[in-house]
Amino acid sequence: MDGMSGTTGRTALVTGASRGIGRAVATRLAGEGALVIVHFGKDETGAAATVEEIRRDGGTAVAVRAELGVDGDVDTLFAGVDAALDGRPLDILVNNAAAAPAGPLGVTTRAEFDHLFAVNVRAPYFIVERALPLLRDDGGRIITISSVATRMANPTQTSFAMTKAAVETMSRTLATQLGPRGITVNAVAPGATRTPTNGAAFDVPGLTEQITAMTALDRLGGPDDIADVVAFLASDAARWITGQVVDASGGLFLGPRV
């Protein structure tokens, strides 16, 4: 490991790490030397695959199950986290787990709306609260996955965008609160990111071409594109960055490409 990553010997909790961006983040941090706690909600097989991939590459990981958005979710999660840490501090918290967009105004039901906010806002808020006594001073990291939906007017994702705007605000205010402890707090906002689990959504004829035409770097993103940004923010090299939302969309919807 080079001095850039600063994660060797450190511990990390990545929520929603059984697949997609979460898996890429977990394997990236483990590859830099961190012990990674792989959280999952229901996909036990996927979480086991994440742990297996990390261990196969010489890393250290343990899976912890907790369904988010339900009563007792944080208690369940941290019972597993405490056991995995075994007295060690937590160095890196990555709030990645999220419920998918439920639909536009007039379609989203009250139950779907409440579920979105329970998973995407309430869970990370109280996960951070519970993690604070465990997070080490002078180098602790909190990174939450947001979305470019917060800066784009997409009527099909109104409630989803609202949840991501909430965690961006949370990140900025926590950065001020936790700065004296030497803990940085940031958010990462992916754009259109193709993963093994959502690939079918991009197979709609013409959709990929439409999105790439609106993207400065002229392609869809991949999980590793996001994981690299998270790993940087978790590293010592990002020690002077806090309270920021890092756009990791390849320049989606910046303006007309002429």
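Filter the range 6-30 down to the residues that are assigned to a loop (DSSP other than H, G, I, E, B) and touching a Pro at 6+ places or on another chain (Cβ under 8 Å), then identify the one that is surrounded by the most Cβ atoms within 10 Å (Cβ to Cβ). Give the steps one after another, and end with the answer.
Taking the range 6-30 as the starting set, the residues that turn out to be assigned to a loop (DSSP other than H, G, I, E, B) are 6-10, 15-19.
Filter once more, keeping what is touching a Pro at 6+ places or on another chain (Cβ under 8 Å): 15, 19.
Details: THR15: 29, ARG19: 20.
Looking at residues that are assigned to a loop (DSSP other than H, G, I, E, B) and touching a Pro at 6+ places or on another chain (Cβ under 8 Å), I get THR15.
Given the condition of a type in the set (A, V, I, L, M) and either touching a residue at least 12 places away in the same chain (Cβ under 8 Å) or in contact with a Phe, Trp or Tyr (Cβ under 8 Å, 6 or more places away or on another chain) (or both), answer yes or no: does some residue in the range 197-208 qualify? No, because not a single residue in the range 197-208 is of a type in the set (A, V, I, L, M) and either touching a residue at least 12 places away in the same chain (Cβ under 8 Å) or in contact with a Phe, Trp or Tyr (Cβ under 8 Å, 6 or more places away or on another chain) (or both).
Quick check, is ALA165 farther than 17 Å from GLY41 by Cα, small (Gly, Ala, Ser), in contact (Cβ under 8 Å) with a residue 12 or more places away in the chain and surrounded by fewer than 18 Cβ atoms within 10 Å (Cβ to Cβ)? Before you say what the answer is, go through the steps one by one.
Working: farther than 17 Å from GLY41 by Cα: yes; small (Gly, Ala, Ser): yes; in contact (Cβ under 8 Å) with a residue 12 or more places away in the chain: yes; surrounded by fewer than 18 Cβ atoms within 10 Å (Cβ to Cβ): yes.
Spelling it out, ALA165 is indeed farther than 17 Å from GLY41 by Cα, small (Gly, Ala, Ser), in contact (Cβ under 8 Å) with a residue 12 or more places away in the chain and surrounded by fewer than 18 Cβ atoms within 10 Å (Cβ to Cβ).
Identify all residues within the range 203-241 that are of a type outside the set (A, V, I, L, M) and farther than 21 Å from ALA149 by Cα; write none if there are none. Outline the logic, then answer.
Start the filter on the range 203-241 by keeping residues that are of a type outside the set (A, V, I, L, M), which leaves 203, 205-206, 208-210, 212, 215, 218-219, 221-225, 228, 232, 235-236, 239-240.
Matches in the range 203-241: PRO205, PHE232, SER235, ASP236, ARG239, TRP240.
Could you tell me whether any residue of the range 243-252 is touching a helix residue (DSSP H, G or I) at 6+ places or on another chain (Cβ under 7 Å) and assigned to a loop (DSSP other than H, G, I, E, B)? First the steps, then the outcome.
To start, the set of residues in the range 243-252 that are touching a helix residue (DSSP H, G or I) at 6+ places or on another chain (Cβ under 7 Å) comprises 243, 245-249, 252.
Then drop every residue that is not assigned to a loop (DSSP other than H, G, I, E, B), which leaves 243, 249.
Within the range 243-252, one or more residues are touching a helix residue (DSSP H, G or I) at 6+ places or on another chain (Cβ under 7 Å) and assigned to a loop (DSSP other than H, G, I, E, B).
In the range 146-157, the residues that are among the basic types (Lys, Arg) form Cβ pairs under 9 Å with partners that are modelled with pLDDT under 95, at six or more places apart or across chains, as follows: ARG151/PHE253.
Pairing each residue of the range 237-258 that is farther than 17 Å from ALA189 by Cβ with any residue that is assigned to a helix (DSSP H, G or I) and among the hydrophobic types (A, V, I, L, M, F, W, C), provided the two are 6+ apart or on different chains, yields C-beta distances under 9 Å for ARG257/ALA213.
Scanning the range 81-110 for residues that are of a type in the set (Val, Ile, Thr) and crowded, with 23+ Cβ neighbours inside 10 Å, we see that the one that is farthest from ASP138 (Cα to Cα) is VAL81.
Name the residue that is surrounded by the most Cβ atoms within 10 Å (Cβ to Cβ), counting only residues in the range 60-80 that are assigned to a loop (DSSP other than H, G, I, E, B) and touching a Leu at 6+ places or on another chain (Cβ under 8 Å). Break it down into steps so the answer makes sense when it comes.
Quick first cut of the range 60-80, residues assigned to a loop (DSSP other than H, G, I, E, B) only: 66-72.
Adding the requirement that they be touching a Leu at 6+ places or on another chain (Cβ under 8 Å) leaves 66, 68.
Working: ALA66: 22, LEU68: 25.
That would be LEU68.
Of all the residues in the range 181-204, those that are on the phi > 0 side of the Ramachandran plot and part of a strand (DSSP E or B) number 0. In the condition set (1) buried (at least 16 other Cβ atoms within 10 Å of the Cβ); (2) part of a helix (DSSP H, G or I); (3) among the hydroxyl-bearing types (Ser, Thr, Tyr), THR45 is compliant with all but (1). Please determine, by comparing only the residues of the range 23-50 that are over 17 Å from ARG10 (Cα atoms) and of a type in the set (Val, Ile, Thr), which one is nearest to the chain's Cα centre (by Cα). Per the criteria, the residue is THR50.
The values are calculated or read from the model by the stated rules, or taken from the named source; none is laboratory data. Bear in mind that the values here come from a model prediction, so they are computed numbers and not experimental data. Heads up, the Cβs are rebuilt from the backbone with ideal geometry, glycines too, and the neighbour counts pull from every protein chain shown.
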